[in-house]
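Worksheet: the structure to be examined is printed underneath.
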Amino acid sequence: MSATYVHGYHRRENERLQDQAGTLVDLLHSDTSYPAGSVILEAGCGVGAQTVTLAQRSPGARFMSVDASADSVAEAKRTAEAAGLTNVLFQQADIFDLPFAPETFDHVFVCFVLEHLSRPVDALAILNRQLRPGGTMTVIEGDHGSTYFHPDSSAAHRAIQCLVELQRQGGGNALIGRQLYPLMVEADLEAVHVSPRMVYVDSSRPDLVDGFIRKTFTAMIEGARESAIAAGIIGPDAFDAGVRDLYRTAEADGVFCYTFFKGVGEKRRRA
Ligand SMILES: C[S@@+](CC[C@H](N)C(=O)[O-])C[C@H]1O[C@@H](n2cnc3c(N)ncnc32)[C@H](O)[C@@H]1O
């Protein structure tokens, strides 16, 4: 994986990924469950934020969750143990150099990983080869271009744009959610279906105000402060004003919208 992984591997980012996963469980995972006996590859499991939900929702399935970062895998193992999971194995592995034979898995799950890769179609094609014919691939990504809010603020949009730019400079794409369909089709998946999952937040949903506006989205933007300033993309005052305006949307009259995209496709069956 690229050494410029834009979100970093610090404790605060790990907590943010856990907050994000907890807040979005129903929106992202309500329609994901795997039959008993099936074997699933979770690629880029990070600190295990999605792993816990996946494994709990499919207790009869077995998961192999891999990540390029040894530290994240170690943290994911601790998280899984604390949750009492017995159906997950973890391994450090790079998507571009997987240690498994082709057609080993019934399903593949990959969440918030493609946005960091300079060759997302190649990654999907490699993961597709891991599937048995007729197996499914589920891909979830965000798209920072889908962010709008009240009160609107050009400073806030500029701060968001810093993350988009940093991710672009690191070879990734923070606007990749909208491209899931063409990417999955190009990777030769069949019967691809993409569904947008909008997070709509106003103050009648205090759990989302805290869990999504503050602890997921704005925390993610804030996390890019030093890198964005060091890269000369923005000055500290302008960045801080943007972050302040993002937090402002979490007040009583604020509204926040963001859209994730979830794609499911099938490995082509042999003719
Ligand atoms: C934003 S995190 C998402 C983690 C987890 N899927 C989640 O939703 O919480 C992205 C993860 O992808 C991993 N990653 C990036 N490139 C990778 C690669 N080539 N092979 C394996 N993992 C990779 C990173 O180490 C990081 O843990």
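The values are calculated or read from the model by the stated rules, or taken from the named source; none is laboratory data. In this text the structure is predicted, and so the values were computed from the model without any measurement. Glycine gets a Cβ as well: all are built from the backbone with ideal geometry, and neighbour counts include every protein chain shown. Note: areas computed on protein heavy atoms with side chains; ligands, DNA, RNA excluded. Shrake-Rupley method; radii C 1.70, N 1.55, O 1.52, S 1.80 Å.
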Just to be sure I understand the curve: with the Debye formula and one point per C-alpha of the chain, what is log10 I(q)/I(0) at q = 0.13 Å⁻¹? -0.85
Nearest 10, in degrees from 0 to 90: the angle of helix 154-169 to the longest Cα principal axis of the chain is 40
For the chain, accessible area per residue (1.4 Å probe, heavy atoms of protein chains only), Å²: 44
Size of electric dipole in the chain: Cβ of Lys, Arg +1 and of Asp, Glu -1, about Cα centre, debye, nearest 20: 540
Below 13 Å, Cα to Cα, which aspartates and glutamates can K215 reach? Residues fewer than 8 away in the same chain don't count. E13, E15, D19, D207
Farthest toward the dipole's positive end in the stretch 115-254, which of Q161, H116, V199, given Cβ charges of +1 (Lys, Arg) and -1 (Asp, Glu) about the Cα centre? H116
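Report the gain in length on full extension from R268 to D97: 0.36 nm times residue separation, minus Cα-Cα distance, nm rounded to one decimal. Before the final figure, lay out the partial values.
Numbers: separation 171, 0.36 × 171 = 61.56 nm, distance 2.21 nm.
Contour length minus Cα-Cα distance gives 59.4 nm.
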I'd like the accessible area for Y258, computed on protein heavy atoms only with a 1.4 Å probe and all protein chains in place. Round to 10 Å², please. 10
So what are the radius of gyration and Dmax for the Cα set of the stretch 128-271, in Å? 17.9, 60
Shape metrics for the stretch 115-210, restricted to C-alpha atoms - Rg then Dmax, Å: 16.4, 49
Given the chain, what percent of its DSSP beta bridges are antiparallel, to the nearest 5? 50
Using a 1.4 Å probe on the protein heavy atoms, what percent of the accessible area of the stretch 95-197 belongs to carbon and sulfur? 51
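Just want to confirm a number: the relative contact order over the chain, from Cα pairs under 8 angstrom separated by 6+ residues, in percent. Don't skip to the answer; put the middle values down first.
Details: 537 pairs, mean separation 61.4, N = 271.
Across the chain, relative contact order equals 23 percent.
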Find how many whole Å separate the alpha carbon centroid of the stretch 153-170 from the alpha carbon centroid of the stretch 90-139. 29
